[in-house]
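Report on the structure given below.
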Amino acid sequence: MKSTNAIGNLPSARPQESVPICSPVSLKTADGVGLHLDHIRPVEITGAAILITPAMGAPARAYRRLGHALADRGHAVGILDPRGIGESDLTPSRNVDFGVREFLEQDWRTAVEWLRPTHPSTKTILLGHSFGGQLNSIYAGKHPEQVDALINLCAVWLHFREMGSITQQAKGLIFFSLMRACAEVIGFGPGDKLGWGARFAKQHVRDWSSWGLDGKYMYRGGNARECLRQVTQPTLAVSFTDDDTLGPGPAWTRFCDEMAASEMTRWRLRPEDIGKSKAGHFGALKDADPLWEKIDAWIRASVLDG
């Protein structure tokens, strides 16, 4: 496992000895799966304890710059590699299968139950990107006593009919259908062969694609939509006007609307609002200091002082 103790290209006027340190943490779920988590801890914690969960197929290392940016502002940060991703155990195959239920009941529970006692004197926030934000929101609805607030970055309602134009809807329908068919035939989703960075377990693809195809948000053993309706925590929802393919405005709005009981703050931002010419679905994960300043201010006003 590799670790880093540098902030990279993020500016900091503080002396080197106060730079947050990143160290690997090995966790074990109740069903015996080893999980990797990056723990980034500032010298002095003046903010929240934040668990970052990734987009579908993205490893923890893709979020280290974001993690350091938050730690540089006094927040303790954990970045999770779910099972089958990055440095965590399991490689999906015909004989290795798991889905949303295992993510929520095993991986998310294990990570949150590590983070809270590790940093017991502050609030616990789940910050999820895309699919990670969806799962965070479901988890918060199921376990409100463990989550004080949510930050959802580019998390959208997956149903293809919420994807904007007729052309985008058609592309979504074809995409979800093809991924489902591939997983059923070969026993797993070949995301690593499609430029997606990782394989996906068959049940994972079944859960995710069913959300995209029928919009009912059921998964093996649970009703995600009912969980979303139980979310009451302060929630910051962020999306970008140029995220047309993976995070179109109608789909983002629908996901926010499903969490009607939460204390919701919505930011639909232009790239120039965060000092960039392009933001899209992934552009805000690096070199987006204005965004993290705004998020830090929201955390302090709406969660720590709220």
Legend entry - Beta bridges per DSSP with both ends in the chain, % antiparallel, nearest 5: 40 percent
Legend entry - Solvent exposure ordering (accessible area, 1.4 Å, most first) of 218, 56: 218, 56
Inset, instruction - Work out the length of the dipole vector of the range 36-76 about its Cα centre, built from +1 on the beta-carbon of each Lys and Arg and -1 on the beta-carbon of each Asp and Glu, and round it to the nearest 20 debye. - result: 120 debye
Legend entry - Which of 264, 259 is most accessible, then next, and so on - probe 1.4 Å: 264, 259
Inset, instruction - Given the options 77, 43, 100, state which has the largest fluctuation in a GNM of the chain using a 10 Å cut-off (strictly under) for Cα springs. - result: 43
Inset, instruction - Take the alpha-carbon centre of the range 117-132, take the same for the range 181-195, and report the distance between them in whole Å. - result: 31 Å
Legend entry - the chain: relative contact order in percent, alpha carbon pairs under 8 Å with at least 6 residues between: 17 percent
Inset, instruction - Can you send over the carbon and sulfur percentage of the accessible area for the chain, probe radius 1.4 Å, protein chains only? - result: 51 percent
Legend entry - Shape of the range 216-306, Cα gyration tensor, a/c cut at 1.5: oblate
Inset, instruction - For the range 267-295 and the range 33-60, write down the distance between their C-alpha centroids in whole Å. - result: 20 Å
Legend entry - Helical contribution to [θ] at 222 nm, DSSP H n ≥ 4, -39,500 (n - 2.57), averaged over the chain, rounded to 500: -9000 deg cm²/dmol
Inset, instruction - About the Cα centre of the chain, how large is the charge dipole given +1 on each Lys and Arg Cβ and -1 on each Asp and Glu Cβ? Please answer in debye to the nearest 20. - result: 500 debye
Legend entry - Candidates 205, 19, 238, ranked by Gaussian network fluctuation over the chain, Cα under 10 Å, top entry: 19
Legend entry - Accessible area per residue in Å² at 1.4 Å probe, computed on the chain: 41 Å²
Inset, instruction - Pull up the DSSP beta bridges for the range 160-306 and report the antiparallel fraction as a percent, rounded to 5. - result: 35 percent
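The values are calculated or read from the model by the stated rules, or taken from the named source; none is laboratory data. Owing to the predicted nature of the structure, the values given are computational and were not obtained by experimental measurement. Quick reminder, even Gly has a Cβ in these numbers, built from the backbone with ideal geometry, and neighbours come from all protein chains shown. For the accessible areas, the whole protein counts, side chains as well, though only heavy atoms, and no ligand, DNA or RNA atoms are used. Shrake-Rupley method; radii C 1.70, N 1.55, O 1.52, S 1.80 Å.
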